[in-house]
Amino acid sequence: MISSRTGKVLLATVKGNASLSVIDPASGEILSAVTVGVPGTEVPHEFALTADKSKALVTLYGDADYGRNNPGHRIAVVDLTALTCTHHVDLGLYRGPHSIVRDAAGLFWVTAEENSCLVAIDLQANDVVRTIWTQVPTHFLAATADGASLFCAHKEYPFVSVVDIEGAEVVDRIPLPVGSQALRLSPDERFLYVGDFHRSLLHVIDCENRKLVETVSLVAVPGWPYPTPDGKHVVVTTYNEAEVRGYVEILNAQNLADAKAVPISGEPFHAHVAEEAGEVFVAISTGEIVKIGLENGRIIGDPISTGGEMPEMIELVSL
C-alpha cells in the first residue's frame, strides 16, 4: 500500500467517480482512486475489510440512492496492497447490495435490498454461499462483535429486525414508530442507536430486552449514528433537506439531551471517530471530508478532497 505520513489512510467510497479513494489524512493528498464501478450507472456505497485489512469489499448499489435506484448486482474486491480492483463478485439475481459486514466465520453479509434478503459471500469461493430472507427490504446492518447476530434497518418499515446468523432466520422485530435510518451498537453492546426514518429523532434500543427505551430530539433528520469507542459520545450526522443545511451533532452518551450541533457545508454521510486524537472525520456530499474536535465541536483545518462528489462511507485504516 502507498505510504502516508501517519501510517494511516482514509478509505472513502466516492459515487462521483465510482471509486474507492485512498487519502493521506495528514496532507489531504489522494494517494489513489481505485475504480470499482461505473460512474452514473454502478456506484459504490459501503465497504467492509477482510480481517487482515488486505482487501476491501465494496457494494455497488446501483445508479442512484434509495428510492430511485436501478439496482446493481456486483461487489468490487480491492487489493489494498496493490491498490487495484482485482475482480467483482457477481450476486446473480440478488440485487441492490448496500450495507456489508463480516461475521465471525469470515463471511461477508450483504443486503440484497431488491430481494428482501441478506446474502453471504465467501471470498475464497468468490460466490454467494448462504441467504437469509428478511421478508422486507433491508438497507442498513449492524453486527455484534462475535459476529453471531445482525440488526437490520428497513427504512420506512416500522421495526428493526434481529437476525441469528447460525440459524439463518429473523428471530425478533423491535417496533419503531415510523421506520429507521442507519444504526450502530454501543461499545458494550448494551444499546443500539437508531436514526429515525424522516424525523429529527434518535432512538435508543435496549439490546438485552430488545425494546425501545429512549428517544431524543436532534437538530435535523439523522443519517448515521456513531457511538465513540470510549463510550463518552454519540456522533450523529444529520441533514435538513428543506433548508439544505447539514450538521454533525455530538451527544453526551450519559445524557443524550446534552448535545452540540456543528453546522457544515453540505449533506453529511458516514463519519469515522479517531478517538485517540479526539476527532471525528465526516464525509460531505460536496466531495469533501471535514475533521471536527469531539470536545469543542470545532472544525479542524481545511477540508480534505475525496476527488469527486458524493462520498459515502469513510474509514481510517492503519497500514
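The values are calculated or read from the model by the stated rules, or taken from the named source; none is laboratory data. Predicted model only: the values in this text are computed from it and were never measured. No Cβ is skipped: glycine too gets one built from the backbone with ideal geometry, and neighbour counts run over all protein chains shown.
Can you name every one of the strands (runs of 3 or more DSSP E) wholly within region 220-303 that holds 2 or more residues which are under 16 Å from LEU201 (Cβ atoms)? Quick ask: steps written out before the conclusion?
Details: elements: 221-227, 233-240, 245-252, 255-264, 268-274, 279-284, 288-293.
Strands (runs of 3 or more DSSP E) meeting the threshold: 221-227, 233-240, 245-252, 255-264.
Output the residues belonging to region 128-170 that are within 21 Å of the chain's Cα centre (by Cα), closer than 19 Å to ARG210 by Cα and outside any strand (DSSP E or B).
THR134, THR138, THR144, ALA145, ASP146, GLY147, ALA148, HIS154, TYR157, PRO158, ILE165, listed by residue number.
Tally up the residues in region 304-319 that are assigned to a strand (DSSP E or B) and either within 13 Å of the chain's Cα centre (by Cα) or surrounded by fewer than 22 Cβ atoms within 10 Å (Cβ to Cβ) (or both), please. Let's see the steps before the verdict.
Looking only at region 304-319, we keep the residues that are assigned to a strand (DSSP E or B), and these are 304-305, 311-318.
Narrowing the set further to residues that are either within 13 Å of the chain's Cα centre (by Cα) or surrounded by fewer than 22 Cβ atoms within 10 Å (Cβ to Cβ) (or both) leaves 305, 311-318.
Result for region 304-319: 9.
Of all residues in region 202-212 being in contact (Cβ under 8 Å) with a residue 12 or more places away in the chain and loosely packed, with under 15 Cβ neighbours inside 10 Å, which is nearest to SER186 (Cα to Cα)?
First, the residues of region 202-212 that are in contact (Cβ under 8 Å) with a residue 12 or more places away in the chain: 202-208, 210-212.
From the residues that got through so far, the ones that are loosely packed, with under 15 Cβ neighbours inside 10 Å too are 206, 208, 211.
Values: ASP206: 10, GLU208: 12, LYS211: 15 Å.
Of everything passing the filter in region 202-212, ASP206 is nearest to SER186 (Cα to Cα).
Can you name the residue in region 171-198 that is β-branched (Val, Ile, Thr) and assigned to a strand (DSSP E or B) and, of all such residues, is surrounded by the fewest Cβ atoms within 10 Å (Cβ to Cβ)?
Top of the filtered list is VAL171.
Taking THR215, is it under 19 Å from the mean Cα position of the chain (by Cα), of a type in the set (Ser, Thr, Tyr) and either modelled with pLDDT of 95 or more or over 25 Å from GLU315 (Cα atoms) (or both)? Explain how you work it out, then say what you get.
Values: under 19 Å from the mean Cα position of the chain (by Cα): no; of a type in the set (Ser, Thr, Tyr): yes; either modelled with pLDDT of 95 or more or over 25 Å from GLU315 (Cα atoms) (or both): yes.
No: the conditions fail for THR215.
Out of ALA64, ALA82, ALA125, I need the residue that is among the small types (Gly, Ala, Ser), part of a loop (DSSP other than H, G, I, E, B) and within 23 Å of VAL163 (Cβ to Cβ). Which one?
Details: ALA64 fails: within 23 Å of VAL163 (Cβ to Cβ); ALA82 fails: within 23 Å of VAL163 (Cβ to Cβ).
That would be ALA125, the only listed residue that is among the small types (Gly, Ala, Ser), part of a loop (DSSP other than H, G, I, E, B) and within 23 Å of VAL163 (Cβ to Cβ).
Suppose we filter ASP122, ASP103 for residues that are touching a Gly at 6+ places or on another chain (Cβ under 7 Å), surrounded by 15 or more Cβ atoms within 10 Å (Cβ to Cβ) and either under 18 Å from MET313 (Cα atoms) or charged (D, E, K, R) (or both); which single one remains? Reasoning before the result, please.
On the way: ASP122 fails: touching a Gly at 6+ places or on another chain (Cβ under 7 Å).
The conditions single out ASP103.
In region 265-278, which residues are within 20 Å of ASP230 (Cα to Cα) and either in contact with a His (Cβ under 6 Å, 6 or more places away or on another chain) or surrounded by fewer than 19 Cβ atoms within 10 Å (Cβ to Cβ) (or both)?
Our first condition is that a residue be within 20 Å of ASP230 (Cα to Cα); within region 265-278, this holds for 270-278.
Once the filter is applied, which keeps residues that are within 20 Å of ASP230 (Cα to Cα) and either in contact with a His (Cβ under 6 Å, 6 or more places away or on another chain) or surrounded by fewer than 19 Cβ atoms within 10 Å (Cβ to Cβ) (or both), region 265-278 yields ALA274, GLU275, GLU276, ALA277, GLY278.
I'm trying to understand the selection: among the residues of region 199-216, which are under 20 Å from VAL162 (Cα atoms) and either among the acidic types (Asp, Glu) or not in a strand (DSSP E or B) (or both)?
Going residue by residue through region 199-216, those that are under 20 Å from VAL162 (Cα atoms) are 202-215.
Result: ASP206, CYS207, GLU208, ASN209, ARG210, GLU214.
Any residue in region 213-235 that's surrounded by fewer than 19 Cβ atoms within 10 Å (Cβ to Cβ): show its pairings with residues that are in a loop (DSSP other than H, G, I, E, B) and among the aliphatic types (A, V, I, L, M) at Cβ separation under 6 Å, as long as the two are six or more apart or on different chains.
From region 213-235, the pairs are GLY231/ALA253; LYS232/ALA253.
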